[in-house]
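Here is the structure we will look at, set down as structure tokens.
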Amino acid sequence: MIRVLSVLLLLFTYAQHASAYLDPGTGSMVLQGIIAALAVIGFTIKSYWYKIRGFFGKGGSSSLLEEEDEDAQRTE
Amino acid sequence: MEPLSSSFRDPSGFMFSHQGCIYRQVNNSFSATYDNFMHSGLYNRLVDRGLLISHEEVVDGSARGTVEAYRIIKPLQIPFISYPYEWSFSQLKDAAMLTLKIQYEALKYGFVLKDASAYNVQFLNSKPVFIDTLSFARYTPGKPWVAYKQFCQHFLAPLALMAYTDVALSKLLITHIDGVPLSLASKLLPVKTRLNYSLMSHIHLHSKIQQQHADDAGDSKKTTTKNTRLSEQGLKALLESLAKTVQRLSWKMPRTEWGDYYEKTNYSDLASEQKRALVDNFLRGIPDTLEIIQDFGANTGEFSCIAAKHGALVISQDIDPVAVELNYRRNSTDGPTNILPLIQDFSAPSPGIGWGNAERASFLERSRCDALLVLALIHHLAISNNVPLQHIATLFAGMTDWIIIEFVPKSDSQVKRLLATRDDIFTRYTKEGFEHAFSGRFSIEQSAPVPDSERTLYLMKARSAPSTAT
């Protein structure tokens, strides 16, 4: 049973890499986890902060990558 | 069916040329993902937003691939290919933001980019566009972004180096075909960048952590790193962080000798206006259709703008990054949009690099054009760079059918400046010598003195050009 599961797990792991021909770099993957975790914490704090501001009638921050803001960035 | 020498790494498919057009083969192994991508709505979304190149599927058998072909697609043809080491700061920055926007959008549809190479981007109508239609893979929740490192090397590192160390460092992309190594970037960036949270994370820390884990692959005990999880929210946060980092990078343009060129030239207003009229007339007088016009030594593109009225596309090249940057900024906001500014040193232009020295084509292989503008440049090639006029004529004759070229004589104040600190060994650099050297390769159709100056403008036709029917 364990053998079947571990083979399946291996297959699953390697299947993930089938179409990705790049070497992602082990260190790079580790770092992503760290940066993302910190960023998510920061984002959560910020969104609570903006919720409070919103309560007082002030606008919120906008994402650089969301489409609605594309025109705004172009004029910067 | 000739596979392109740049397209071989991705097992999902490859690009080939056939009867003068470029096609992409989608391999059977990629069929499910491709169909998914096309039907998910992501393809349409990206094309509608002008981010991804559109394509048609070839159903009439006009182009065939190999036995592994699932589909043959024909993308919108890009008339001129340029490379990241030829781009100005803002061009590279816009290409970086494009890549991030696409990755962010792709996530909404359950896809990720398999790679984040700067070579996935080309410029069309003064805007960057993503050309690698097969770069999309299904997103597996929890899996980190496989292209993060490549993004940092291809985009973030060179942009940071251009902003903080020296703008010329984008040329490192010539010697490092897979982007600037983070360890190198980390060493070259000034210490103050370590105080910048984003640069500290994505470059300095990234470089250290890479070195730390370099041997992990061979160590069976370190399986934890392979199982690093990254939630979708985390990936979005990572993308936002990268976007903020890129957006905040700005290059303070130094005052180069070329930046205020048009204010410091020796042209009077009359001469400028007359020269513009002359160039305009010469271009109008060319009987052939002008698909591509090359403007060598274009500076901020003043004459490229005139050429843009006469040709479908103008490649506006100059050695000065400041001039090219100003040219690009103006085009992307005010137009004309059929100009592509690029950085190029004509005495040592882009070489062919990569596998077999053929993966990324040299400047020469891409310089074929219908008309060539060589204004206020000849003295830099012949005198500053000691290139004999005959050599210059030969090179140009191999590229173009028509040339509009300005001869700048020794009596001109600019040439006097060039000769001020050196021996004048240029005995054959005279108007007669110039006409003699060029007559070997070109026939002089028209010539006119530029009023209020010592210079002469010529319209010449290459002798090797097919004769125009009269």
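Taken together, the values in this text are just the output of simple stated rules run on the coordinates, not laboratory data. Nothing here was measured: the structure is a model prediction, and the numbers come from that model. A quick note on method: Cβ atoms are made from the backbone with ideal geometry, for glycine too, and the neighbour counts reach across all protein chains shown.
What to note about this one:
- 3J(HN,Hα) along the stretch B:337-354, derived from phi through the Karplus expression 6.51 cos²θ - 1.76 cosθ + 1.60 where θ = phi - 60°, amounts to 7, 9, 10, 10, x, 9, 8, 8, 9, 5, 7, 8, x, 3, x, x, 10, x Hz, with x in place of Gly and Pro.
- Computed from point charges on the beta carbon alone (+1 for Lys and Arg, -1 for Asp and Glu), the dipole magnitude for the stretch B:1-77 about its Cα centre is near 160 Debye.
- Size descriptors for the stretch B:353-470: radius of gyration and Dmax over Cα atoms are 15.9, 51 Å.
- Remark: chain B carries a charge dipole of roughly 1640 debye about the Cα centre, counting +1 on each Lys and Arg Cβ and -1 on each Asp and Glu Cβ.
- Shape analysis of chain B places it in the prolate category; the axes a ≥ b ≥ c from the Cα gyration tensor give an a/c of at least 1.5, with a/b above b/c.
- Separation in nanometres of the label points that stand 7 Å from Cα toward Cβ, at B:D269 and B:T337: 3.4
- Spin-label model distance (nm) - B:S411 vs B:S183, 7 Å beyond Cα toward Cβ: 6.1
- The residue among B:V26, B:I72, B:L107 whose Cα reaches farthest toward the positive pole of the charge dipole of the stretch B:21-109, with charges on the beta-carbon of Lys, Arg, Asp and Glu, is B:L107.
- Dipole axis of chain B (+1 Lys, Arg; -1 Asp, Glu on Cβ), positive-most option in B:T300, B:S183, B:G311: B:S183
- Remark: B:K93, B:K252, B:K275, B:K431 ranked as B:K252, B:K431, B:K93, B:K275, counting other beta-carbon atoms within 10 Å and listing the fewest first.
- Within 10 Å of the Cβ of each residue in B:130-137, the mean number of Cβ atoms contributed by other protein chains is 1.
- Modelled this way, with points 7 Å down the Cα-to-C-beta line, the labels at B:K309 and B:L4 are 3.4 nm from one another.
- For residues of B:149-157, the mean tally of beta carbons on other chains within 10 Å: 2
- The packing ranking of peptides B:104-113, A:38-47, B:15-24, highest mean first, is B:104-113, B:15-24, A:38-47, where packing means the average number of other beta carbon atoms within 10 angstrom of each residue.
- For the stretch B:118-248, the residue among B:A168, B:V121, B:G234 whose Cα projects farthest onto the positive side of the dipole built from Cβ charges is B:G234.
- Converting the Cα gyration tensor eigenvalues of the protein assembly as shown into ellipsoid dimensions via √(5λ) gives semi-axes, longest first, of 47, 27, 22 Å.
- Inter-chain Cβ neighbour average for residues B:236-246, partner chain, 10 Å: 5
- Chain B: angle of helix B:89-108 to the longest principal axis, Cα-based, in degrees nearest 10: 30
- Placing +1 on the Cβ of every Lys and Arg and -1 on the Cβ of every Asp and Glu, with no other charges, gives the protein assembly as shown a dipole of roughly 1920 debye about its Cα centre.
- Order of B:M200, B:M162 - criterion: other Cβ atoms within 10 Å of each residue's Cβ, fewest first: B:M200, B:M162
- By the count of other C-beta atoms within 10 Å, a proxy for reagent exposure, B:V58, B:V67 are ordered fewest to most as B:V67, B:V58.
- Hydrodynamic radius (Kirkwood) for the stretch B:1-77, which is based on Cα pairs only, to one decimal in Å: 13.0
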